[in-house]
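The values are calculated or read from the model by the stated rules, or taken from the named source; none is laboratory data. None of these values were measured; they are calculated from a predicted model. Backbone-built Cβ (ideal geometry, glycine too); neighbour counts: all protein chains shown. Surface areas here come from the heavy atoms of the whole protein model, side chains and all, with no ligands, DNA or RNA. Shrake-Rupley method; radii C 1.70, N 1.55, O 1.52, S 1.80 Å.
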There are 2 protein chains.
Amino acid sequence: MTHPQIVTEQSPAEKSRLWLRYLQQQGYRITGSRRAVVDALAQAERSLTAADLYEIGRAKHKGLGLVSVYRTLEKLEELGLVQRVHGPGGCHAYISAQDGHNHMLVCENCGRVEMFEGDDLKDFTRNLEKQSGFRIHEHWLQFFGVCTECQA
Amino acid sequence: MTHPQIVTEQSPAEKSRLWLRYLQQQGYRITGSRRAVVDALAQAERSLTAADLYEIGRAKHKGLGLVSVYRTLEKLEELGLVQRVHGPGGCHAYISAQDGHNHMLVCENCGRVEMFEGDDLKDFTRNLEKQSGFRIHEHWLQFFGVCTECQA
DNA sequence: CATTATAATGAAAATGATTTTCAATATCAT
DNA sequence: ATGATATTGAAAATCATTTTCATTATAATG
């Protein structure tokens, strides 16, 4: 097991621009609704539910419907730009995904998410496959706790 | 990281008996509905949803209601006897929990769950705390794949 | 720039999982 | 056996999500 390395991201504005361009490249149209949802997700420091995004997105695009939030999330998830956050407190929130293989550290209080990499589970996985007979495709490594702000 | 060790369990009958006794010790009454749900969970080789338990439990206790399934699951989860299985395919299934700190290997096809221990993430956790400032309470380590039966 | 095919929209209704309410019933201490 | 009350199932309510559908907005084309 190597040391964890916290992953840092590009700026929200840039992220938002890239995502919209990518959506367009994939044949999707850029609309006010999509822009609003993408911006909200790109700026978020914590994980957001569809309802959160609806509320935040409405500030930018008055007519935004909850249905479009779901539809945009669906597309962003398909394209690997966004991922669902699963935790003891629920599984209804989304956060922007990071490239490559990395994992999450989630604040149980405010939903803030840090991504990290540096887990090295190859040997462990191979042993587990041998012992269990399973063919392993994927793993999740997640930590839950309280972030610095919420500790105060 | 030490080697994974697959955890084996006591017999379904014994498990069921222990759980019911424990429920009673906690002040809960033993009823036909609870017995049916507990038996189904104790015998399960794979994770089961409330609807699964309703169907299976009805064979043992004709009048079983779905509501009682949910209420029993709630209590068993409180007491740490049962735990929810979270995965890419959903988070609606339950499996009997194992004592101590251990993790899951889940078949994406049939829902079969193997529990294992032997992860040693203490150092990794300490480093992650230092780097992030989070106070970490808990972690999940889960593997997903296809079990031997489903490979055939 | 105007036209147009059609992708995307929001509202309302539908769905699926879970929870609440409530009057009837079963459990267990006495 | 009795009685206090925990537990029940059915129906209704709730919450997250999806589907339907007629209308509107986007972007490719002339």
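How about the stretch A:23-54: which of its residues are among the hydroxyl-bearing types (Ser, Thr, Tyr) and more than 11 Å from DNA strand D (Cβ to nearest atom)?
Of everything in the stretch A:23-54, just one residue is among the hydroxyl-bearing types (Ser, Thr, Tyr) and more than 11 Å from DNA strand D (Cβ to nearest atom), namely A:Ser47.
Can you find even one residue in the stretch B:26-40 that is more than 26 Å from B:Thr148 (Cα to Cα), away from DNA strand C (no atom under 15 Å from the Cβ) and not polar (S, T, N, Q)?
no
Just one of the numbered conditions (1) crowded, with 20+ Cβ neighbours inside 10 Å; (2) more than 30 Å from A:Val82 (Cβ to Cβ); (3) within 14 Å of chain A (Cβ to nearest Cβ) is not true of B:Val106; which one?
Tallying (1) crowded, with 20+ Cβ neighbours inside 10 Å; (2) more than 30 Å from A:Val82 (Cβ to Cβ); (3) within 14 Å of chain A (Cβ to nearest Cβ), B:Val106 fails exactly one: (2).
Of the residues that sit in the stretch A:82-100 and are more than 14 Å from every other protein chain (Cβ to nearest Cβ) and open to solvent by 40 Å² or more (accessible area, probe 1.4 Å), which one is farthest from DNA strand C (Cβ to nearest atom)?
A:Gly100
So if I check each of A:Leu73, A:Leu79, A:Leu66, which one is open to solvent by less than 20 Å² (accessible area, probe 1.4 Å), away from chain B (no Cβ under 14 Å) and within 14 Å of DNA strand C (Cβ to nearest atom)?
After ruling out the rest, the residue left standing is A:Leu73.
Among the residues that make up the stretch B:28-50, is at least one of them of a type in the set (Val, Ile, Thr), in contact with a Phe, Trp or Tyr (Cβ under 8 Å, 6 or more places away or on another chain), surrounded by 14 or more Cβ atoms within 10 Å (Cβ to Cβ) and part of a helix (DSSP H, G or I)?
Looking through the stretch B:28-50, at least one residue is of a type in the set (Val, Ile, Thr), in contact with a Phe, Trp or Tyr (Cβ under 8 Å, 6 or more places away or on another chain), surrounded by 14 or more Cβ atoms within 10 Å (Cβ to Cβ) and part of a helix (DSSP H, G or I).
Hey, does the stretch B:12-22 have a residue that's more than 14 Å from chain A (Cβ to nearest Cβ), touching a residue at least 24 places away in the same chain (Cβ under 8 Å), within 30 Å of B:Cys150 (Cα to Cα) and within 16 Å of DNA strand D (Cβ to nearest atom)?
The answer is yes; a qualifying residue exists.
Can you name the condition, by its number, that B:Val113 falls short on among (1) free of Cβ contacts under 8 Å to residues at least 24 places away in the same chain; (2) more than 10 Å from chain A (Cβ to nearest Cβ); (3) not small (Gly, Ala, Ser)?
(1)
Yes or no: the stretch B:132-140 includes at least one residue that is of a type in the set (Gly, Ala, Ser) and away from chain A (no Cβ under 13 Å).
no
Limited to the stretch B:66-94, what total is found for residues that are within 11 Å of the chain's Cα centre (by Cα) and either farther than 17 Å from A:His86 by Cα or within 14 Å of DNA strand D (Cβ to nearest atom) (or both)?
7
Out of curiosity, is B:Gly57 under 14 Å from the mean Cα position of the chain (by Cα) and either near DNA strand D (Cβ under 10 Å from one of its atoms) or within 14 Å of another protein chain (Cβ to nearest Cβ) (or both)?
No; evaluated as a whole, the condition is false for this residue.
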